[in-house]
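First up is the structure itself, then whatever we jot down about it.
Please treat every number below as a calculation from the coordinates, not as lab data. Since the structure is predicted, the reported quantities are computational estimates derived from the model, not experimental observations. Positions of Cβ are generated from backbone atoms using ideal geometry, with glycine treated the same way; all protein chains shown enter the neighbour counts.
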Amino acid sequence: MTAVADWLGAACLLAGALLGLAAGIGVLRFPDVLDRMHAATKPQVLGVLLLLLGLALRLRTPADLGMIALVGVFQLATAPVAAQMVGRAAYRSGRVNRALLDTDELADR
Amino acid sequence: MTGDPAARNGAGRNDGSPHPAPGRGGRRRDQAIALGWLVLIWLLLWGDLSWGNLLGGLVVGVAVLVFFPLPPVTFGGRLRLGALLVLVATFAAELVSASVRVAGLAVRPGCRPRSAIVAVRLRVRTDLNLALTAEVISLVPGTLILEVDRDQGVLYVHVFDVRDPEDLAESRNRILTVERRIVRAIGSADEVRQLQTESVDRRSHP
């Protein structure tokens with residue numbers, strides 16, 4: 001039983017690390033701030049959640065599980081807000097490459 | 001201007017828009033619920049349940065509520081367990097597919113994705129619904145919240161990796177679907193009805 005949990009935990013840790021790596025590559029490679037924010041939210045959040053799940057499967061003590069749950073919840077709640085703040089600041093200060101936008105319905109507000 | 005502090009919190013939004021000004025008792029109840037959550041977080045942070053931790057949590061919670069007051073967000077709906085399960089399950093599935101897609105785009109060589117910014121008007125304009133919908137669509141495929149017009153209930157959304165106009169229409173529909181799932185899970189009966197009556201004529205840009 002514990003061996004299964006350990007292996008599952010290891011798999012989760014590995015998958016989370018890979019997603020984190022892909023998110024980093026995306027932040028580096030995408031052409032625009034707003035595109036980079038996509039990389040900084042989705043794969044990054046899932047990567048952290050998988051790392052936490054892996055940790056939970058390895059540690060298995062109630063105190064650690066509570067802390068892990070808290071980290072997960074706050075990650076889910078704050079990552080989109082942070083991305084929105086960065087994106088909004090970039091848009092308002094004109095640091096968005098309009099050549100990459102097909103339509104912009106925020107412009108005619 | 002009315003003298004009731006709870007009504008003043010919703011200043012300028014009492015024009016029939018769906019921001020119900022909670023009474024004094026409702027505000028107290030909201031604060032009690034918030035205090036409960038804060039104490040729970042405090043206990044989880046310390047990792048064990050003891051009288052000292054409980055007392056410390058209460059002190060810190062009250063301090064947070066007194067020194068950092070937030071606009072009241074009243075939970076007016078009710079939880080529907082089945083719809084909530086649908087919401088959580090589809091959210092998890094979409095988070096995974098979004099992550100895999102963005103990660104795939106990140107490592108694909110020579111990829112120059114195009115994108116767009118669209119405005120989507122939500123049907124239920126409560127703060128809670130706006131905030132939850134914005135959070136969820138930032139974590140599902142292709143969309144990221146960029147700007148919120150709270151009074152109009154409009155979300156400005158950045159859509160990633162657009163190939164043709166159909167992609168845009170599809171993203172718009174997906175956002176409204178997210179909203180519908182959220183309202184079905186936690187909205188009041190009124191809000192659910194609002195979804196049904198307005199789902200027909202909300203195709204075009206506001």
Is there a simple number for the mean count of other chain Cβ atoms within 10 Å of the Cβ of residues in B:153-159, and what is it? 5
Could you give the dipole magnitude of segment A:2-96 about its Cα centre, charging the beta-carbon of Lys and Arg +1 and that of Asp and Glu -1, in debye to the nearest 20? 300 debye
Non-local amide H neighbours of B:Glu147 (under 5 Å, H modeled in plane, Pro and chain starts lacking H): which ones? B:Tyr156
Return an integer: the convex hull volume of the alpha-carbon atoms of the protein assembly as shown, in Å³ per residue. 163 Å³
Would you mind giving the mean number of other chain beta-carbons within 10 Å of the Cβ of each residue in B:163-174, as a whole number? 1
Selection from A:Tyr91, A:Val4, A:Phe30 lying farthest towards where the dipole of segment A:2-96 points positive, charges on Cβ: A:Tyr91
Take the alpha carbon atoms of chain A, find their radius of gyration, then divide it by 2.2 N^0.38 Å using N residues; give the quotient. 1.36
Nearest 20 debye, what's the magnitude of the dipole of segment A:41-109 about its Cα centre given +1 on Lys and Arg Cβ and -1 on Asp and Glu Cβ? 200 debye
In what sequence, highest mean first, do A:99-107, A:59-67 appear when ranked by Cβ atoms within 10 angstrom? A:99-107, A:59-67
Using modelled backbone amide H atoms (1.01 Å from N, in-plane), which distant-in-sequence or interchain residues come within less than 5 Å of A:Asp104's amide H? B:Ile117
Toward the positive end of the charge dipole of segment A:1-97, about the Cα centre and with charges on Cβ (Lys, Arg +1; Asp, Glu -1), which of A:Val73, A:Ala63, A:Ala15 goes farthest? A:Val73
Inside 10 Å of the C-beta atoms of B:95-101, what's the mean count of C-beta atoms belonging to other chains? 6
Could you tell me which residue out of B:Leu95, B:Val178, B:Ala106 lies farthest along the dipole of segment B:81-198 toward its positive end? Charges go on the beta carbon: Lys and Arg +1, Asp and Glu -1, centred on the Cα centre. B:Ala106
Any idea how far the Cα center of segment A:1-45 sits from the one of segment B:93-129, in Å? 16 Å
